[in-house]
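The block underneath contains the structure these notes are about, expressed in structure tokens.
The values are calculated or read from the model by the stated rules, or taken from the named source; none is laboratory data. From a predicted model like this one, the values you see are computed outputs, not experimental measurements. Reconstructed Cβ throughout: ideal geometry from the backbone, glycine too, with neighbour counts over all protein chains shown. Remember, those area values only see protein heavy atoms, side chains included, never the ligands or the DNA or RNA. Shrake-Rupley method; radii C 1.70, N 1.55, O 1.52, S 1.80 Å.
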Amino acid sequence: MTVEPSIRSALLPAGVLRASINLGNPILARWDAARGQAAGVSVDLAAELARRLQAELKLVVFDAAGKSVAAVSGEQADIGFFAVDPLRGEGLLFTAPYILIEGSYLVRENSAIAANEQVDAAGVRIMVGRGSAYDLYLTRELKHAQIVRADTSPAVVDEFLAHEADVAAGVRQQLASDAARLKGLRLLPGRFMVIQQAMGTPRSRGIDAADCLSAFVEEMKASGFVAEAMARHNIEGAAVAPPKDACQAIGLPP
């Protein structure tokens with residue numbers, strides 16, 4: 001990947017690569033207590049991009065997606081790792097996705113709700129992480145159910161129980177882990193959305209910088225870097241996204 005000086009300057013206005021990392025999605029990143037720093041697929045991608053730009057990497061770490069988006073939109077960071085969403089696109093330029101994740105619902109074992117289609121009903125309260133991809137999507141799509149919000153995605157299931165909500169929505173992997181931890185809970189079959197995890201940069205950085213980031217993502221998918229990072233971090237419940245042209249063919253963003 002050849003990076004022209006003008007593009008490098010657009011991506012590195014502070015002279016270092018500031019990467020916004022969201023710890024709210026365990027498929028993307030987590031806190032490595034032993035090393036005292038963030039680790040995960042998004043961190044590995046940020047480090048590889050910094051290496052190619054011949055720049056120092058500075059991680060800007062957040063506990064929720066909404067905070068991470070705000071940091072990049074507000075130019076406190078140069079790149080970030082987000083679920084693609086039209087609302088976020090107002091301030092960001094996205095690459096095609098590099099990982100696809102299932103968004104699922106969780107209910108109590110004794111719940112009368114047995115299928116995704118039953119969730120959007122009057123009187124049903126759905127707990128989501130504030131500002132998460134699920135929050136944005138369900139806010140647009142639901143017609144009858146009520147959305148209630150936890151401060152972060154990892155807190156969704158605990159808040160779902162504490163506030164006696166009817167459904168919890170989030171990353172299938174996170175919900176399955178919480179169901180095993182807490183007992184008396186079950187995942188609904190299937191998924192209600194496919195989360196398209198992409199890289200993004202502030203819209204103000206320009207289309208050339210965004211195209212450079214897109215080329216980087218395509219190379220990382222094609223070379224096996226993303227798959228190897230997922231295996232290294234023991235990530236399950238997600239898949240490497242197809243190449244950009246194939247993404248467009250199946251209706252994912254260009």
Criterion: closer than 26 Å to Met127 by Cα and either more than 12 Å from the chain's Cα centre (by Cα) or touching a residue at least 24 places away in the same chain (Cβ under 8 Å) (or both) - qualifying residue of Gly15, Gly36, Gly66, Gly74: Gly66
State all residues of segment 164-178 that are surrounded by 19 or more Cβ atoms within 10 Å (Cβ to Cβ) and either at pLDDT 95 or above or of a type in the set (A, V, I, L, M) (or both); if no residue qualifies, say none. Ala165, Asp166, Val167, Ala168, Ala169, Val171, Leu175
Select, from Gly237, Gly251, the only residue that is modelled with pLDDT under 90, among the small types (Gly, Ala, Ser) and surrounded by 15 or more Cβ atoms within 10 Å (Cβ to Cβ). Gly237
Candidate set from segment 83-103 (those that are more than 11 Å from the chain's Cα centre (by Cα), aliphatic (A, V, I, L, M) and in a loop (DSSP other than H, G, I, E, B)); member that is modelled with the lowest pLDDT: Leu87
Residues located in segment 73-93, provided they are closer than 16 Å to Ala133 by Cβ and in contact with a Leu (Cβ under 9 Å, 6 or more places away or on another chain): Ser73, Gly80, Phe81, Phe82, Ala83, Val84, Asp85, Pro86, Leu87, Arg88
With the requirement that a residue be in a helix (DSSP H, G or I) and under 18 Å from Ile27 (Cβ atoms), what does segment 49-67 give you? Ala65, Gly66, Lys67
Of the residues in segment 1-29, those that are within 21 Å of Phe62 (Cβ to Cβ) and surrounded by fewer than 17 Cβ atoms within 10 Å (Cβ to Cβ) number 3
Taking segment 26-39 and keeping residues part of a loop (DSSP other than H, G, I, E, B), farther than 15 Å from Val72 by Cβ and out of contact with any Pro (no Cβ under 8 Å at 6 or more places or on another chain) leaves Ile27, Ala33, Ala34, Arg35, Gly36
Over segment 39-57, the set of residues of a type outside the set (D, E, K, R) and under 19 Å from the mean Cα position of the chain (by Cα) is Ala39, Gly40, Val41, Ser42, Val43, Leu45, Ala46, Ala47, Leu49
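Here is a yes/no grid of residues against (1) open to solvent by 20 Å² or more (accessible area, probe 1.4 Å); (2) closer than 25 Å to Ala239 by Cα; (3) small (Gly, Ala, Ser); (4) in the same structural domain as Asp178 (by the TED database):
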position	(1), (2), (3), (4)
Ala70	yes, no, yes, no
Ile79	no, yes, no, no
Ala112	yes, no, yes, yes
Ala162	yes, no, yes, yes
Residue pairs meeting the criteria (Cβ under 6 Å; at least 6 apart or on separate chains; first over 11 Å from Ala29 (Cα atoms), in segment 223-236; second part of a loop (DSSP other than H, G, I, E, B) and not small (Gly, Ala, Ser)): Val226/Tyr98
Given the condition at pLDDT 95 or above, among the polar types (S, T, N, Q) and buried (at least 18 other Cβ atoms within 10 Å of the Cβ), answer yes or no: does some residue in segment 186-202 qualify? yes
Picked from segment 139-152 (must be within 20 Å of Asn22 (Cα to Cα) and open to solvent by less than 30 Å² (accessible area, probe 1.4 Å)), the residue farthest from the chain's Cα centre (by Cα) is Ala150
Restricting the search to segment 18-33, which residues are free of Cβ contacts under 8 Å to residues at least 60 places away in the same chain and over 19 Å from Ala155 (Cβ atoms)? Asp32
